[in-house]
Amino acid sequence: MLTTFFKDIDAVLNLLDLTGTLVFAISGAMAASTKKLDLFGATFIAFVTAVGGGTIRDLLIGTTPVGWMGDIRYLSIILIGVGLTFLFKKVVKKLRKTLFLFDTIGIGVFTILGLKKALLIGIDAPMAVIMGMFSAVLGGVIRDILLNEIPLIFQKEIYAMACIFGGFIFVMMQNFGLGFEVNASVSILTIILVRILAIKFKISLSGIDDSELKFFKKEK
Amino acid sequence: MLTTFFKDIDAVLNLLDLTGTLVFAISGAMAASTKKLDLFGATFIAFVTAVGGGTIRDLLIGTTPVGWMGDIRYLSIILIGVGLTFLFKKVVKKLRKTLFLFDTIGIGVFTILGLKKALLIGIDAPMAVIMGMFSAVLGGVIRDILLNEIPLIFQKEIYAMACIFGGFIFVMMQNFGLGFEVNASVSILTIILVRILAIKFKISLSGIDDSELKFFKKEK
Amino acid sequence: MLTTFFKDIDAVLNLLDLTGTLVFAISGAMAASTKKLDLFGATFIAFVTAVGGGTIRDLLIGTTPVGWMGDIRYLSIILIGVGLTFLFKKVVKKLRKTLFLFDTIGIGVFTILGLKKALLIGIDAPMAVIMGMFSAVLGGVIRDILLNEIPLIFQKEIYAMACIFGGFIFVMMQNFGLGFEVNASVSILTIILVRILAIKFKISLSGIDDSELKFFKKEK
């Protein structure tokens, strides 16, 4: 069974990528609803939340037309996400924990797929890791800017650091010749684990104005 | 006479494109003046309002250098727009209705020219329609972000929906082999009409937090 | 000695470019600390402040992967800048005047290097001058947007006008066949001088709502 899983890693990742897109779109639509945007505004926010990170990565590394332009499934799934949020807002609110899990999986998958894409076109490993992290987090950054907020991930959670850490693991493991399937699985699980543990134990990064010199702090 | 019009459709569209650019630049400069920006700030806002949408479309579909980079007329006309607003601010304010008409024409023209550009480089129709809409509305979105506001078109007017609808009409009509002139004219007029009717009858899109499930609502 | 300087102009400019990057990163990290961002947020802000202008220039003119992607020194120097700000915040605050000088030098260098890059790929001179100015100022614009502020350079200082003026000087001087070394030196010094004089004599640009028709004004 494990062999089958690894054989079909691309199919699995593709499915998780689309699931992540759906969950990101829902989170964008939910955020839009707190600002009294209309349906177009909500759809636009959902769209940039879901594909914004990958779009910026594609632009920076020079892959155009950007990814979602040639694959109608992304737009379709985003519209489904907005529709679900519009029709079943209360249910969506209650599913917060489930959505969080898929959001975290999405971040992991986006990071590793973005990292892989950057490596494939010849970007050096350290920059490719950053491109992976950008793929996962910049959609949320654009969402927050459009909603006139300072981006959430600049203020709490080690979200982005989890992506960088997972990307680093991926690049390291490549040296051991284990194959993409194993590398991707391990590093995505690492990202998920680091994020969940950080939230569980309320660990976040310090800011520059902290007088005590500590990189990590525990929230009260 | 109609034949001549259709013969010269490219010249007409080009003229309307430049007129739209002028009006977008004026609207950007006016918006800047409400925020006490200096002349550079006003010019920058005018510039991104006028060319921002087309720039993002060009980046997403991979057309670089972006369009206005190779045609000094765009920059010139934007500077003229800022100059006119600076010199005749009161007159510009009084011309609001005329400007609104040209703004609406501009949106129609930007949509169809953007859509055509996307189709020409092989983007699939649904995405090309979105690229057309992006060309028309994203300049205003960047303007609002730079002025630290939640973008206006996320909150009211069916502005962007008019562009999508017009783009859809354009793509549909292509199947009837009517030629670009007729398609462009009809779909641009559709966009103008939809926007004017929506404003006249105060029709706008619902938001996600509306309890009654209606996609459109009438403003009070 | 002067001959040696001109011989090594590329090395000198490269050094100043990296110094400018460091100072921009420090200014970004300092700005982040006023908004209580965490270390990731501060690093991200430092990063976009330092490379944001050049990135947008590269995207607009079609140079991808964007510049810093292929040169790990930029990322390294930005991390050093953030680290220095984190460790020695009080010292950095005291060095404000020195940093201002290097910031101004950085702006001059960024402008001329960006202008040169645009000219080299065949962008017309007026647009290339704008690309030079964009390289120098847009990093700060993105920084301010991410921190939820109206960009500072839209409101005061003739900062961007100094870049345009210096770029104009550079383009003019090219007609005299003086060689890049002389042109670059003179126009960078012009930018530095204009900015320092404008600040010394508190000269700034008027806004559109000024009733008296003057392009420049003296701040009180």
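Taken together, the values in this text are just the output of simple stated rules run on the coordinates, not laboratory data. On a predicted model such as this, the values are computed, not experimentally measured, just so you know. As a convention, Cβ positions derive from the backbone with ideal geometry for all residues, glycine included, and neighbour counts pool all protein chains shown.
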- Note on the structure: Note to self, the protein assembly as shown gives a 222 nm [θ] from helices alone (DSSP H runs n ≥ 4, -39500 (n - 2.57) apiece, / all residues, nearest 500) of -24500 deg cm²/dmol
- Report the relative contact order of chain A, percent, no decimals, based on alpha-carbon pairs under 8 angstrom and at least 6 residues apart. 21
- Note on the structure: For chain B, the charge dipole (Cβ of Lys, Arg +1; Cβ of Asp, Glu -1; about the Cα centre) points to a positive end, and the Cα of B:Ile164, B:Ala128, B:Thr49 closest to that extreme belongs to B:Thr49
- Check C:Asp38: other-chain or 5+ apart residues with amide H under 5 Å from its amide H, H built from backbone geometry? A:Gln155
- Note on the structure: The answer for B:Leu205, listing residues at least 5 apart or on another chain whose modeled amide H is closer than 5 Å to its amide H, is B:Glu157, B:Lys217
- Query: Can you tell which of A:Thr104, A:Val182, B:Leu119 lies farthest toward the positive end of the dipole of the protein assembly as shown, using +1 and -1 charges on the Cβ of basic and acidic side chains (Lys, Arg; Asp, Glu)?
  - Reply: A:Thr104
- Query: What number in nm² do you get for chain A if you take the convex hull of its Cα atoms and divide its surface by four?
  - Reply: 13.8
- The local net charge around B:Val171, scoring Lys/Arg +1 and Asp/Glu -1 for residues other than B:Val171 whose Cβ lies under 15 Å from its Cβ, equals +1
- Which pairs break 23 Å Cα to Cα here: B:Lys36/C:Lys116; A:Lys117/C:Lys35; B:Lys35/B:Lys90? B:Lys36/C:Lys116; A:Lys117/C:Lys35
- DSSP loop (so not H, G, I, E, B), at most 11 other Cβ within 10 Å: list which chymotrypsin sites (Phe, Trp or Tyr not before Pro) in region B:141-207 pass both filters. B:Phe176, B:Phe201
- Note on the structure: Percent relative contact order for region C:125-191, counting Cα pairs under 8 Å at least six residues apart, stands at 32
- For the C:Ile9, A:Leu87 Cβ pair and Förster radius 56 Å, calculated FRET efficiency rounded to 0.05 is 0.30
- Query: Which order, highest average first, do A:23-31, B:107-115, B:88-96 follow once you tally other Cβ atoms within 10 Å for each residue and take the mean per peptide?
  - Reply: B:107-115, A:23-31, B:88-96
- Message: What does the charge count around C:Phe102 come to, taking other residues whose C-beta lies under 12 Å from its C-beta (Lys +1, Arg +1, Asp -1, Glu -1)?
- Response: 0
- Would you list the membrane-span-like helices of chain C, meaning whole DSSP H runs whose alpha-carbon atoms span at least 27 Å along their axis and whose mean Kyte-Doolittle value is at least 0.0? C:9-33, C:39-61, C:96-120, C:125-146, C:180-200
- Treating only Lys and Arg (+1) and Asp and Glu (-1) as charged, each at its beta carbon, one finds that chain A has a dipole about its Cα centre, in Debye to the nearest 20, of 880
